[in-house]
Amino acid sequence: MTRFAASVTVVTAYDAHAPVGCTATALFSLTDQPPTMVVSLASTSGTLRHITSAGLFAVNVLPWRLRALADRFARLPSGQRFQGVEHTALFGAPLLTGAVAGLVCRVTRLVPLADHTLVVGEVLHAQTEDHDDPLVHYARRQTRPET
């Protein structure tokens, strides 16, 4: 499985008081009409709990230059992950400043599978930036696509 290259993303939402999020590489575009995304999160994830409660989430595709955020959102305690991280609230979800792409999705379905839950979301808003190469996870390391 380590030979499947994947975009590195931070999946975000709001709890009652603040933004929350976690690093995720297991996601894909499901349909074009309507535009729909699927994200796989650990069923015990605090971020999943907040996404379920809010009914909204954002997918932020990290650029190479912000690769430190991948570790930050994977390892730090949830209350510290957003400290000093620039973001904007758009359509009810936090979008990270400088992301290669950002999507805000409305949860349409939750599908528990093994120890994860698939979060299906209809895309409400999409934005892209062409200013940097995306961060890719491949063979257990961070890299960027060769151009």
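Between Ser43 and Thr143, the simple spin-label model (points 7 angstrom out along Cα→Cβ) gives 3.4 nm.
Taking every protein chain into account, the 1.4 Å probe leaves His137 with about 70 Å² of accessible area, to the nearest ten.
How much of the accessible area of the chain, in percent, comes from carbon and sulfur atoms when a 1.4 Å probe is used? Write out the running numbers ahead of the final one.
Working: 4290 of 8160 Å².
Its accessible area is 53 percent carbon and sulfur atoms.
Working from Cα pairs under 8 Å separated by at least six residues, relative contact order for the stretch 1-89 is 34 percent.
Per residue, the chain exposes 56 Å² of solvent-accessible protein surface, assessed with a 1.4 angstrom probe and all protein chains in place. Given the alternatives (i) 12, 45, 37, 6, 0; (ii) 10, 34, 31, 17, 7, 1; (iii) 10, 37, 35, 17, 1, P(r) over Cα pairs in 10 Å bins from 0, in percent as computed for this entry is given by (i).
Here the calculated FRET efficiency for Leu76 and Leu30, from their Cβ-Cβ distance with R0 = 25 Å, stands at 0.25, rounded to the nearest 0.05.
The values are calculated or read from the model by the stated rules, or taken from the named source; none is laboratory data. Worth saying up front: this structure is predicted, and the values here are computed from it rather than measured. In this analysis, Cβ positions are derived from the backbone assuming ideal geometry, glycine residues included, and neighbour counts consider all displayed protein chains. Only protein heavy atoms, including side chains, enter the accessible area calculation; ligands, DNA and RNA are left aside. Shrake-Rupley method; radii C 1.70, N 1.55, O 1.52, S 1.80 Å.
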